[in-house]
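Here the structure comes first, spelled out in structure tokens, and everything after it is commentary.
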Amino acid sequence: MGLLSSYALSATAVVLLLLLFYGGTMFMSLRIARKEENADSYMTAGHRIGFGISAASMTATWIWASSMYASVNSGYLYGVSGPIHYGLWGALMILFIYPFGRRIRKV
């Protein structure tokens, strides 16, 4: 029991943390509210997203838990070449879709 009580926060610490959190949220909300934005600019990020962020976003969307497990499984079955070949198709997907992304950004 003595070990658990040393990790508990006092009521004062909890109140201070809550005030800090809600005060920070209010500050950010007021600061963001001053900007003039519309839905189109929000959805397209003002057309300022480059290839690196786009590729990272697509890769993060493509890779999820079962994809990681499949890569490890292919490494177990086929050795070092397994994960390389498994990831190669994702990289090719990004390279092939890039021209379409450029065209979509112009529209």
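For the chain, the relative contact order is 17 percent, taking Cα pairs closer than 8 Å that sit 6 or more residues apart in sequence and dividing their mean separation by the residue count. Dividing the summed -39500 (n - 2.57) terms of all DSSP H runs of n ≥ 4 by the residue count of the chain sets its mean residue ellipticity at 222 nm at -25500 deg cm²/dmol. Of all segments of the chain bounded by trypsin sites (Lys or Arg not before Pro) found in a DSSP loop with no more than 14 other C-beta atoms within 10 Å, the longest spans 49-107. Across ILE49, ILE84, ILE94, mean-square fluctuation computed from a Gaussian network of the chain (C-alpha pairs under 10 Å connected) peaks at ILE84. Under the convention that each Lys and Arg Cβ holds +1 and each Asp and Glu Cβ holds -1, the size of the dipole of the chain around its Cα centre is about 400 debye.
For the range 89-95, 3J(HN,Hα) computed residue by residue from phi via the Karplus equation (6.51, -1.76, 1.60; θ = phi - 60°) reads 5, x, 5, 5, 4, 5, 5 Hz, glycine and proline entered as x. Here the peptides 18-29, 62-73 are ranked by packing, the mean other Cβ count within 10 Å, and the order with the highest first is 62-73, 18-29.
When the Cα positions of LEU9, GLY79, MET26 are compared along the charge dipole of the chain, MET26 comes out farthest toward the positive end, with charges on each C-beta of Lys, Arg, Asp and Glu.
All of the numbers you see were taken from the coordinates with simple rules; none came from a lab. Because the structure is predicted, anything quoted here is derived from the model rather than measured. Note: ideal-geometry Cβ built from the backbone for every residue, glycine included; neighbour counts use all protein chains shown.
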